[in-house]
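Worksheet for the structure shown next.
The values are calculated or read from the model by the stated rules, or taken from the named source; none is laboratory data. Keep in mind it's a predicted model, so treat the numbers as computed, not measured. Cβ placement follows ideal geometry from the backbone for every residue including glycine, while neighbour counts extend to all protein chains displayed.
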Amino acid sequence: MLFDTHVHLNADQFEEDVEDVMKRAVEVGVREMVVVGFDEKTITRALELVKAYENLYAAVGWHPVDAVDMTESHLEWIEELSQHPKVVALGEMGLDYHWDKSPKEVQKEVFRKQIRLAKKVKMPIIIHNRDADQDIVDILKEEGADEVGGIMHCFGGSLEIAQICLNLNFHISFGGPVTFKNAKRPKEVAKDIPLDRLLIETDCPYLAPHPNRGKRNEPAYVKLVAEQIAELREMSYEQLAIATRNNAKKLFGIV
């Protein structure tokens with residue numbers, strides 16, 4: 001059984017066929033998924049989905065690209081939603097220096113506020129990091145994020161950065177890019193990090209794994225991620241699936 005720790009079934013790309021997508025996931029052994037909401041629209045849709053499907057859970061937070069749009073009332077809303085029985089994490093949150101919609105200082109402040117909220121409500125956090133390794137780890141350290149831990153989502157950094165994140169009580173999660181033929185760094189990290197801190201995800205509809213690269217990603221494809229990492233680690237697919245699912249359930253407090 002597999003646990004896809006990061007899906008966006010709340011994206012417009014799944015509006016027409018979410019039922020079929022869910023069926024295909026279950027058919028290949030995907031038992032649980034976390035639907036990640038990162039703004040007003042996607043959080044609202046995530047909550048609708050977790051109500052409709054027993055095996056779906058939600059994360060709620062504010063994306064760094066849209067940090068400039070977040071208000072104090074949004075933060076209060078996220079705090080209220082943290083008490084929802086199927087909300088298991090806050091996020092995704094973090095820093096994104098690729099897009100320039102939100103100034104870096106605004107992103108940092110919104111990131112810090114969400115870490116402080118996570119500590120207040122005692123929930124793990126899901127980190128979005130694009131081109132911001134050093135600032136991410138600096139803020140995690142400064143804000144004492146190790147108190148709650150969480151996930152470095154769709155990790156693409158170095159083994160050195162991964163080790164810093166592990167020391168800060170974070171799990172490392174890999175998605176489709178670990179299957180790409182030219183993805184040397186993710187493969188190295190996925191091979192070396194401790195098994196009890198390893199997670200898998202799709203980030204669907206984005207970043208579909210090989211051989212579906214360039215197509216719409218979906219939760220069923222998390223099996224391809226698991227197969228690739230099992231091969232890299234020279235262990236059975238079944239062992240990898242069981243370990244990553246157990247890691248996710250423990251982190252999210254799912255019995």
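Checking the conditions here, which among A118, A58 is under 22 Å from L199 (Cα atoms) and outside any helix (DSSP H, G or I)?
Details: A118 fails: outside any helix (DSSP H, G or I).
Result: A58 is the single residue among A118, A58 that is under 22 Å from L199 (Cα atoms) and outside any helix (DSSP H, G or I).
Candidates in the stretch 169-199 are the residues that are surrounded by fewer than 19 Cβ atoms within 10 Å (Cβ to Cβ) and aliphatic (A, V, I, L, M); of these, the one that is nearest to A226 (Cα to Cα) is L195.
Condition check: among the polar types (S, T, N, Q) and closer than 22 Å to F252 by Cα. Does Q114 satisfy that?
Details: among the polar types (S, T, N, Q): yes; closer than 22 Å to F252 by Cα: yes.
Answer is yes for this residue.
Reported count of residues in the stretch 53-108, each being farther than 20 Å from V121 by Cα and among the small types (G, A, S), is 2.
In the stretch 129-142, the residues that are farther than 17 Å from N169 by Cβ form Cβ pairs under 6 Å with partners that are in a loop (DSSP other than H, G, I, E, B) and among the small types (G, A, S), at six or more places apart or across chains, as follows: D133/G157. If S102 meets every condition in (1) under 19 Å from the mean Cα position of the chain (by Cα); (2) crowded, with 18+ Cβ neighbours inside 10 Å apart from one, which number is that one? In the conditions (1) under 19 Å from the mean Cα position of the chain (by Cα); (2) crowded, with 18+ Cβ neighbours inside 10 Å, S102 misses (1) alone. Of everything in the stretch 231-255 that is on the phi < 0 side of the Ramachandran plot and either among the basic types (K, R) or in a loop (DSSP other than H, G, I, E, B) (or both), the residue that is surrounded by the fewest Cβ atoms within 10 Å (Cβ to Cβ) is V255. Among the candidates L199, L159, the residue that is farther than 24 Å from E32 by Cα, at pLDDT 95 or above and in contact with a helix residue (DSSP H, G or I) (Cβ under 9 Å, 6 or more places away or on another chain) is uniquely L159.
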